[in-house]
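Some notes on the structure that comes next.
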Amino acid sequence: MSRRCGTGEVRYAALLEKAYPIAPDPSTGRAYGRVLVSPVDAAGLLGWGERGAAQLAAAARVAAERWGTTIAAAGTTRQELS
C-alpha cells in the first residue's frame, strides 16, 4: 500500500501587538525581511494571483468587521519592519 503525503497552506489574519526584531529561522539560518503593505499590494508581491487576492480581501473585510481596523488602500506606502 502506498502512502501519499499531502501539502497544505494556512493563511490567517491577526492583530499584532509587537513586532520583535528579525532573527534567523532556526531551521534554515536565514533571516527574512518583513514589510507592512495593503492586502491588494501583498497579493501582487507574493504572486498569489486572483485566488490569493480574494483570500486577502476576505481577511481584510473580516478584520475590519471584527476588530474595527482600517485597511490600507492599494498603493499605500510600504513600511519596512526591522
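The values are calculated or read from the model by the stated rules, or taken from the named source; none is laboratory data. Note that the structure is predicted; figures quoted are calculated from it, not measured. Ideal geometry is used to build each Cβ from the backbone, glycine not excepted, and the neighbour counts take in all protein chains shown. For the accessible areas, the whole protein counts, side chains as well, though only heavy atoms, and no ligand, DNA or RNA atoms are used. Shrake-Rupley method; radii C 1.70, N 1.55, O 1.52, S 1.80 Å.
Go through the stretch 63-72 and count every residue that is open to solvent by less than 60 Å² (accessible area, probe 1.4 Å), within 15 Å of the chain's Cα centre (by Cα) and more than 18 Å from residue 19 (Cβ to Cβ).
Number of matching residues: 0.
Filtering the stretch 13-24 down to residues that are surrounded by 10 or more Cβ atoms within 10 Å (Cβ to Cβ) and modelled with pLDDT of 90 or more, which residue is nearest to residue 80 (Cα to Cα)? Steps first, answer last, please.
Keep residues of the stretch 13-24 that are surrounded by 10 or more Cβ atoms within 10 Å (Cβ to Cβ), which gives 13, 19, 22, 24.
Subsequent filtering for residues that are modelled with pLDDT of 90 or more retains 22, 24.
Details: 22: 11, 24: 17 Å.
Restricting to residues being surrounded by 10 or more Cβ atoms within 10 Å (Cβ to Cβ) and modelled with pLDDT of 90 or more, the top hit is 22.
On the given criteria, is residue 77 open to solvent by less than 90 Å² (accessible area, probe 1.4 Å) and among the polar types (S, T, N, Q)?
So residue 77 fails the test.
All but one of (1) modelled with pLDDT of 90 or more; (2) within 14 Å of the chain's Cα centre (by Cα) hold for residue 10; which doesn't?
(1)
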